[in-house]
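The block underneath contains the structure these notes are about, expressed in structure tokens.
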Amino acid sequence: MRLRTKAKIKRATLAAQDNATIVDGQALTALQSLYRQKIAEIQDVLDSHSDQTGILRLSVLRDVKRDAEKVLGELDRLQKTALFDRMKDVAALGVEPFAEQMGARRVSKMVNASVKAAADFFGSDGLQLSDRLWKIGDHNREVVRQAIQTAIIQGNSASEAAQNFLSRGQAVPASIQKRINQAGSSAVGRVIGEQVMTGDGAPYHNARRVFRTEINRAHIIAYRRSAFETDGVVGTRFKLSPNHPEVDICDMHARVNLYGLGPGVYPKGKSPLPAHPNTISYEEVVFDDEVTDDDKQGRQSREEWLKHQPRRTQIDVLGGVKKQKAFEAGVLPQSQFGTPWRVVKDRLARKGIDIDFPDSNASDTPVLAPELADLSNPFASRSPLPLMKKSELVTRLDRYAIKQLHFDGASQSALQSIASAVDRVLGRYQTAVGALGWIPKGKAPRAAGLYVYHPKMRHIEGTDALMLRRTFVTKNHRDSGIQHQAYLARRDKNIERMKSRIAKIPDSNPYKVNMETALEKIESATRWTHSHISNDPIFSTTAHEAGHAIFFQGKGVAERWRERLTANNVRRVDWYKVSEYAGTDEDELFAEVTAFFASGDEQLVPTSIRSAYVETLQNYERIR
């Protein structure tokens, strides 16, 4: 397939994901409005059946329940229609990147087939979409029916008790009057509104979860099926959303190189997405020429990947301390990583396995094989930044800007990525910079990010700056995948051109050795920068520039970095295995490796460089 077509598919994929996110948000907003509207209609039903004092009497109980259930029946119908309409919308978005290759008739069939596949899908609980919608509707009816019935019956009983007090010439106790008032139409309406809309187990909450899960599922199925009907596609990459709020099993799915196609890349029929309800992750097509030799050689099981993660990450991925202890004890197979603990516990008990595991080391030290003990990711112990409001993100970023912070115009999503990277890298080493903000117009026009400092003022706080290109953050980062494809195409052409030139040079010519060395470097480089292959290019670029900050602010870091590279027998050609940009000089290598480590992609870095990096940062101390 031509490079231009691949680039077009990559670009359309990003646009489809953005539009699917918009549809998801619109669907949830519309769902909330629908529920509020129907609760208001139920309030009208209650008011219409109340007496002159606003109380619902026992005589109208049957009529109130009947009319309320009519409203709920309409809610069921509109809810189902809205969901399937949005599922069809996002399925169309999933097919769109491949529409040119498929043709209009196949596109229409693919959209309808994908929606049907999502609707027919059986979850781990054995339920299909229709079952889930029925359960939500039944829950709504039960909540409304119970609220009406309880209030009216208790109110009627209280009214009879009040009459007895009044007939004896006694005042009605406050407790009885309160029960009478609870049968008022307004009070019953408030109870219904709270029980339907509020709390994790409320029907509205469950409906939101189903909407988000099934809308995402329809998009994923349509995209995945269309992708594998396209020439040159070997898999799809599990992509975490930049707004993925916390570490969970999705992080494992997005990082493990299970099939030798690269981290988070799955062949046809093997992707675990959607990994859980309410997921906000997506997939991205991967072509055969994107799979590197390192990817093929770096195949690993989920168990191998998890063993090399910090204990905190293991707990978050597995979903609890008890499952982590079972994993650590070697009795939790990878087939049960996503299984609830109550199920795992019963299975272990039936096998006669003692589940009273001894307490693990409470520290967050990575659980590593002895030969990998020196390769611990220094950023793994720092918890991911939770999803925050824009104002909260600005406040968080302000901690790291001594003098100035100016990221005006950045979206909440972009600020989340910037703040997460800054907090993860600078926060880990309690470092700050003088300014955080945009690169001035006209300065370093080709740079997505920039770190600047004055060597003579290196020891003075506030004299450096970490900057990002505004257009990169607002729109250009979306083209990272396309730029990666273009880089691979240029690289292949350069390799063929250099091989041709080398073949024509006599062996006696010393220039031939230089050419062969240059060729080896180019062949070793499989990416221009980490940001070009990152799920979150803004995070990656920010982490890279933050890496420069800790490099130049650290006491003796430059010297130690050079020393540890030598001690670990790192050759210059190894630099290019990180990225071609990393091969330019020592501090760019350090910054690029920082981006890999901060993003959790350290397994893509050669072992010798990983070791040098960790050793360099041991006992880190700032100059200032």
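Where a number appears in this text, it was derived from the coordinates with a stated rule and is not lab data. Just so you know, these numbers come straight off a predicted model, no measurement behind them. With ideal geometry, Cβ positions are generated from the backbone for all residues, glycine too; neighbour counts draw on all protein chains shown.
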Quiz item: How do D536, D200 line up, fewest other C-beta atoms within 10 Å first?
Solution: D200, D536
Self-check item: Alpha-carbon radius of gyration plus Dmax, which is the widest Cα pair, for the range 525-624 in Å
Solution: 12.4, 37
Exercise. Take the alpha-carbon positions of the range 1-51, form their convex hull, and give its projected area averaged over all directions (one quarter of the hull surface) in nm².
Key: 3.9 nm²
Quiz item: Can you list the aspartates and glutamates whose alpha carbon is less than 19 Å from that of K307, not counting same-chain residues fewer than 8 positions off?
Solution: D248, D251, D316, E328, D359, D364, E371, D374, D601, E602
Self-check item: Two-decimal log10 I(q)/I(0) for the range 3-207, as the Debye equation yields it once each C-alpha is a single scatterer, q = 0.09, 0.11, 0.12, 0.14 Å⁻¹
Solution: -0.52, -0.67, -0.74, -0.88
Quiz item: From the Cα gyration tensor of the range 383-469, with a ≥ b ≥ c the square roots of its eigenvalues, which class applies: rounded if a/c is under 1.5, or else prolate if a/b is larger than b/c, or else oblate?
Solution: oblate
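Taking the Cα centre of the range 311-363 as the origin, how large is its charge dipole in debye, to the nearest 20, when only Lys and Arg (+1) and Asp and Glu (-1) carry charge on their Cβ atoms? Don't jump to the answer; show the numbers that get you there.
Details: 10 positive and 6 negative charges, 35 e Å.
Dipole size: approximately 160 debye.
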Quiz item: Per residue and in Å³, how big is the convex hull formed by the alpha-carbon atoms of the range 573-624?
Solution: 83 Å³
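If contacts are Cα pairs under 8 angstrom and at least 6 residues apart, what is the relative contact order of the range 3-207 in percent? Write down the numbers at each step before the final one.
Values: 181 pairs, mean separation 56.9, N = 205.
Relative contact order, the range 3-207: 28 percent.
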Self-check item: Distribution of pairwise C-alpha distances over the range 311-363, 10 Å bins, in %
Solution: 26, 60, 14, 0
Exercise. Return the aspartates and glutamates within reach of K390: Cα separation strictly under 12 angstrom, same-chain partners fewer than 8 residues apart disregarded; answer none if there are no such residues.
Key: D408
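Assuming 0.36 nm per residue, please report the length gained on full extension of the stretch E516 to A40 beyond their Cα-Cα distance.
Taking E516 through A40 to full extension adds about 163.7 nm, to one decimal.
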Quiz item: What is the distance in Å between the Cα centres of the range 98-125 and the range 567-622?
Solution: 43 Å
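Is there a quick way to get the dipole size of the chain? I mean about its Cα centre, with the Cβ of Lys and Arg at +1 and of Asp and Glu at -1; what is the value in debye to the nearest 20? Write out the running numbers ahead of the final one.
Values: 91 positive and 76 negative charges, 180 e Å.
It works out to roughly 860 debye.
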Quiz prompt | Rounded to whole Å, sorted largest first: equivalent-ellipsoid semi-axes of the range 459-580, Cα gyration tensor | solution = 33, 23, 11
Quiz prompt | Given charges at Cβ of Lys, Arg, Asp, Glu: the chain dipole, positive-most of M87, G264, A183 | solution = M87
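Suppose we take every Cα in the range 7-82 and form the convex hull; what volume per residue is that in Å³?
Details: hull volume 5.4 nm³, N = 76.
Each residue corresponds to 71 Å³ of Cα convex hull volume.
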